[in-house]
Amino acid sequence: MSIDVNNIDPVAIVVTPTPASTSRKGSLIWLLNVRLTLGLIILFVMGLGSFILPGFAPVDPSIQASYMRNLPVSGVHLLGTNALGQDIFWFLVFAIRNSLTLGIVVAVGVTIIATVVGLSAGYIGGRFERIVMLFVDTFITVPLLPILIIMGALIRGNTSFLTVGFIIVLFGWAWDARTVRAMALSLREREFINMARFSGANTMQILLREIFPYVSAYMVVGFINTVLFAINTEATLAVIGLSKVEVPTLGSIIFWALNYNALFTGQYVWLVAPIIATITLFLGLFLTSTGFNQAFASKRGVS
Amino acid sequence: MGVVSFVAKRIGLYLAVLFIGLTITFMLPRLMPINPVDGYIGQIQSRANGTLTAEAIAELRVNLEQLYGLKGDVFTQYVSYLKRIVLSFDFGPSFTYYPQPVSAMILNALPWTLGLLLTSTVIAWLLGNLVGLVAGYFHKQKAASLLEFVGILLYPIPYYILAVTMLLLLAYIFPVFPLSATFPVGQMTPEKFGMVIYNSLLPGITLVLAGFGWNILSMKALTVATTEEPYVTYARLKGTSNWTRMTRYVFRNALLPQVTALALSLGMVFNGALLTEMIFSYPGIGLVMRTAANGGDYNVLYGAITISIIAVATAGLVIDLLYPLLDPRIRHK
C-alpha cells in the first residue's frame with residue numbers, strides 16, 4: 001500500500017540494490033548518475049521555483065474570490081482559476097512551498113529523534129535497549145492513519161499547520177529509529193569502535209565521533225524519505241479534510257477540487273495540475289534518495 | 001528448550017505491545033482539550049431547540065459519563081477501560097447511532113474490509129514478487145530494467161492520487177466501472193455476488209497497483225543479491241537450466257524476507273482501507289471511521305483503532321512464530 005510505504009522501512013529497499021555494483025561497474029555509474037541527477041534537477045527546479053516565485057505573487061492565493069471564477073487557462077492565469085476564484089497556478093506554487101517546508105521541518109525532527117533513540121539503544125544495549133525497542137515496536141504497530149484521523153477530528157479547527165507536523169513527528173520516528181539501531185548494532189562489533197573504547201573514549205564521544213560519521217550517509221537518505229513520508233501523510237489528511245485545509249498544500253488543493261466536484265464541472269486543470277505536481281515532486285524525492293544511496297554504496301565499495 | 005523460551009519471549013513482547021498500544025489510544029483523547037460528552041449534549045440541545053432545562057442537562061451529563069466510562073479519576077477510567085475491552089470486547093455504544101454497540105458496527109463492517117483488502121494485498125504481493133524476480137534475475141538485460149521502472153514509477157505515487165486518477169480514468173472518462181459503488185442488502189444470491197465483485201474491482205485494482213510497486217522493488221533487490229550467492233553459481237556450473245535456477249534456487253531463498261514484509265503490509269491494510277473506502281465509498285471499517293470522525297463519534301473511532309492494533313500485532317506475532325519453520329537458516333539459541 002503506497003500511502004504509507006515509508007512505514008515499510010524505505011532504507012531497506014534502497015540499501016539492498018547495491019550488490020549490483022560488483023557485477024556491472026561500468027553501467028551502474030551511468031544508472032547512478034541518471035537517477036541522482038534527474039532527482040536533483042526535479043527537486044532543484046521545484047524547490048527553487050516554489051521558494052522564489054511566491055515573492056512575485058500578485059495576491060495571497062488562499063484568499064477566495066480574488067478573480068473571476070472558472071477562468072480558462074490564459075496568459076494572465078497560467079492554469080486558470082477555480083470555482084473559488086483563486087488562481088490555480090499561484091495556489092499550486094504556494095502549495096508546493098508549504099508542503100516542502102512541512103516535509104523538511106518534520107524530517108529534521110524525525111531524524112534527530114530517530115538518531116538519538118536508535119544510536120543509544122543499539123550502542124548501549126542491555127535492559128535500556130529492550131525497553132526502548134518495546135516502545136519503538138509499539139509505535140510501529142499502532143496504525144498511523146486512524147490515530148491521525150482521531151487527532152484530526154479532535155483538534156480540527158483549533159490547530160495550526162505546525163501542530164499537524166508535530167503529530168506526524170510523534171508517530172513517524174519509530175521506523176527510522178529501528179533502522180538506525182540496526183546499523184548501530186552492526187557497528188558496535190567493528191574493530192575501530194573497540195579501538196576507540198580501549199583508547200579511553202566515553203560513550204558520548206564514540207557515538208559522536210566514531211559512529212555518527214559512519215551513519216550520516218544513511219541519514220541523508222532517511223531524511224529525504226521522511227520528507228516524502230511527511231508530505232504524503234499531511235496530504236492524505238488534507239484530502240480527507242482533516243488537516244488545515246485553508247493553508248495551500250498539495251493535499252488541500254486536491255481536497256477543494258474534489259469538494260467542488262471539479263471533475264464533473266469540467267475543471268480538469270484544478271484536479272490534474274496538483275496530481276502531476278505531486279507525482280513529479282515524489283518522483284524527484286524518490287530518485288534522489290535511491291540515487292544517493294547508490295552513490296554512497298559505490299563510493300564505499302560495499303558489495 | 002530454546003524454542004519454548006523463544007515463543008514465550010515473543011508472546012510476552014506481543015502482550016506488551018498490545019498493552020502499550022491500548023494505553024496510547026486511551027490517553028490520546030484525554031490529553032485533548034475536548035470533552036465528547038459536551039459535544040453530545042450540544043447535539044441533543046440543538047435537536048431540542050434549546051428547550052432543555054439546566055437540571056435535565058445535569059442529569060443527562062451524569063448518565064452519559066456513566067455510560068461512556070468517563071466517571072472517576074483517570075486511573076479508575078483506565079482500569080475499567082482495559083477491563084471492558086480485554087474481558088468483554090465492549091467499546092460502549094455509538095454516539096451517533098445511539099443504542100447500537102460499537103462492536104456490532106465493527107463486526108458488520110469487518111468482512112467487507114477484510115475481503116477486499118486481504119485479496120488485493122495477496123494478489124499485489126504475488127504479482128510484485130513474480131515481476132521482481134524476473135527483473136532481478138535478468139537484471140543484466142535492458143528489458144528487465146523496464147520491469148523495475150514500473151516499480152520506480154508506481155512506488156512513490158501517493159495512494160490517494162493513484163485512487164483519484166483511477167477513478168478519473170476508469171469511472172469517468174472511460175466509464176468501465178461505477179463511480180460510486182452500490183451494494184445490495186439482504187440475502188446473498190449469485191447475481192448479487194457478481195455485483196459485489198464488479199463493484200469491488202476498481203478499488204481492488206487500485207490497491208493492487210499501489211502495493212505492487214514496493215514488492216517489485218524489494219523483490220528485485222533481494223533477487224539480485226541472491227543471484228550472486230555461491231550456491232547459485234554452483235548450480236549454474238552444474239548445468240541446471242535458467243528456469244530451475246530462478247525458481248528453485250533464487251526464488252525460494254529470496255522469498256523469505258518478503259514473507260515478513262507481507263506481515264507488515266497487513267498492518268497497512270487498515271490504513272489502505274481508510275482511504276480506499278473513503279474515495280470509492282466502499283462499505284467497511286474505513287467508511288465507518290470516516291463517518292465517526294466527522295460526527296465526533298469517539299467510541300467508534302477507538303473501537304476501530306483497537307481492532308487494527310490487535311490485528312497488526314497478531315499478524316506480526318503469527319509471522320514471527322512461523323518464520324523459523326520456513327527458513328532453515330534461522331536458529332534460535
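The values are calculated or read from the model by the stated rules, or taken from the named source; none is laboratory data. If you're wondering where the values come from, they're calculated on a predicted model, not measured in any experiment. Here the Cβ is made from the backbone with ideal geometry for all residues, glycine too, and neighbour counts use every protein chain on show. Each accessible area value is taken on the protein alone, full model and side chains, heavy atoms only, with ligands, DNA and RNA left out. Shrake-Rupley method; radii C 1.70, N 1.55, O 1.52, S 1.80 Å.
The residue list A:Val169, A:Val220 contains one member that is hydrophobic (A, V, I, L, M, F, W, C), buried (at least 18 other Cβ atoms within 10 Å of the Cβ) and either assigned to a helix (DSSP H, G or I) or in contact with a Gly (Cβ under 8 Å, 6 or more places away or on another chain) (or both), which is A:Val169. Of all residues in segment A:251-276, those satisfying the criterion of being open to solvent by 10 Å² or more (accessible area, probe 1.4 Å) and assigned to a helix (DSSP H, G or I) are A:Phe255, A:Trp256, A:Leu258, A:Asn259, A:Tyr268, A:Val269, A:Val272, A:Ala273, A:Ile275, A:Ile276.
Checked against (1) within 22 Å of B:Tyr172 (Cβ to Cβ); (2) more than 10 Å from every other protein chain (Cβ to nearest Cβ); (3) small (Gly, Ala, Ser), A:Ala235 meets all criteria but (2). Consider segment B:118-153. How many of its residues are farther than 20 Å from B:Leu256 by Cβ, outside any helix (DSSP H, G or I) and at the interface with chain A (Cβ under 10 Å from one of its Cβ atoms)? Number of matching residues: 1. Look through segment B:40-55, keep the residues that are more than 37 Å from the chain's Cα centre (by Cα) and surrounded by 14 or more Cβ atoms within 10 Å (Cβ to Cβ), and return whichever of them is modelled with the highest pLDDT. Selected residue: B:Gln45.
For segment B:77-103, residues that are outside any loop (DSSP other than H, G, I, E, B), open to solvent by less than 60 Å² (accessible area, probe 1.4 Å) and hydrophobic (A, V, I, L, M, F, W, C) total 3.
A:Leu36 meets the conditions (1) surrounded by fewer than 20 Cβ atoms within 10 Å (Cβ to Cβ); (2) at pLDDT below 75; (3) out of contact with any strand residue (DSSP E or B) (no Cβ under 6 Å at 6 or more places or on another chain) in every case but one. The failed one is (2).
Whenever a residue of segment B:1-28 is part of a helix (DSSP H, G or I) and basic (Lys, Arg), its partners that are open to solvent by less than 30 Å² (accessible area, probe 1.4 Å) and at pLDDT below 85, lying with C-beta atoms within less than 9 angstrom and at least six residues away or across chains, give the pairs B:Arg10/B:Leu317. For segment B:254-298, the tally of residues that are at pLDDT 80 or above and among the acidic types (Asp, Glu) stands at 1.
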